[in-house]
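Following: one structure in structure tokens, then a few remarks.
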Amino acid sequence: IYLENGTLPMKEIAPTGEEIAAGLTIKSSHLSKFADVDSHGRSTFLLKLRALGVDTLVIVGAWSEDCVAATAFDAVDKYNLDTVVVEDAIGTATPTHFPAIEVMRAAVAKVVSTAQLVAYMDKLPPLAPEVRSQ
């Protein structure tokens, strides 16, 4: 995270250009990524996840003890999503990084490494074209 372009996702788990163009990435100024709402007060992130049939959220990003934790807790507690936190694909600028990971591991998330996630994903069958294009 302290390197030039340190906030860019790791190449192994970075979204593709196609995924970015399809709106499958989000940027938010809230701690929980579920906090951005539409004019009816519904979480825009949750609406996207539901439309895609997502039941498991894989979390990567910055501010482990704030954004990552808030999103993980909301995903599990409010929206009943299984949650995976990729330990070496999150970071922060404070000493509370490792305690935050341990709290998430104990309370709401399966915590894995990028290598573990990639190995698991490589074993899955490819998505059907109609699923990939949603």
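The values are calculated or read from the model by the stated rules, or taken from the named source; none is laboratory data. It should be emphasised that the depicted structure is a prediction, and the values quoted were computed from it without experimental measurement. With ideal geometry, Cβ positions are generated from the backbone for all residues, glycine too; neighbour counts draw on all protein chains shown. What goes into the accessible areas is simple: the full protein's heavy atoms, side chains included, and nothing from ligands, DNA or RNA. Shrake-Rupley method; radii C 1.70, N 1.55, O 1.52, S 1.80 Å.
General observations
- With a 1.4 Å probe rolled over the protein heavy atoms of all chains, the accessible area of Phe98, Phe34, Phe45, Phe73 falls in the order Phe98, Phe73, Phe45, Phe34, largest first.
- Working from Cα pairs under 8 Å separated by at least six residues, relative contact order for segment 5-95 is 28 percent.
- Summarising the label geometry, the points placed 7 Å from Cα in the beta-carbon direction at Leu52 and Glu18 lie 1.4 nm from one another.
- Computed over protein heavy atoms with a 1.4 Å probe, the carbon and sulfur contribution to the accessible area of the chain reaches 59%.
- For the set Asp74, Asp88, Asp66, the ranking by accessible area, highest first and with no ligand, DNA or RNA atoms included, is Asp88, Asp66, Asp74 under a 1.4 Å probe.
- Candidate aspartates and glutamates - alpha carbon under 19 Å from Lys27, same-chain residues fewer than 8 apart omitted: Glu18, Glu19, Asp36, Asp38, Glu65, Asp66, Asp74
- Rounded to the nearest 5, the antiparallel percentage of DSSP beta bridges internal to the chain is 10%.
- A convex hull fitted around the alpha carbon atoms of segment 25-91 yields 83 Å³ per residue.
- Each of Asn80 and Ser28 was given a label point 7 Å from its Cα along the Cα-to-Cβ line. The distance between the two points is 2.0 nm.
- Principal axes of segment 78-123: Cα extent on each, largest first, Å: 35, 26, 15
- Spin-label pair Asp66-Lys110: with each label point 7 Å from Cα along the Cα-Cβ axis, the two points sit 3.0 nm from one another.
- Given a 1.4 Å probe and the protein chains as shown, Ser29 ends up with an accessible area of around 110 Å².
- Every helix of 4 or more DSSP H residues in the chain counts as -39500 (n - 2.57), and over all residues that averages to -9500 deg cm²/dmol at 222 nm.
- For the chain, a crude dipole built from +1 on the beta carbon of Lys and Arg and -1 on the beta carbon of Asp and Glu, taken about the Cα centre, is about 240 debye to the nearest 20.
- When restricted to Cα atoms, the chain yields an Rg and a Dmax of 14.9, 44 Å, respectively.
- Most to least accessible of Met104, Met121 (protein chains only, probe 1.4 Å): Met121, Met104
- Residues in the chain average 66 Å² of solvent-accessible surface per residue, probe 1.4 Å, ligands and nucleic acids excluded.
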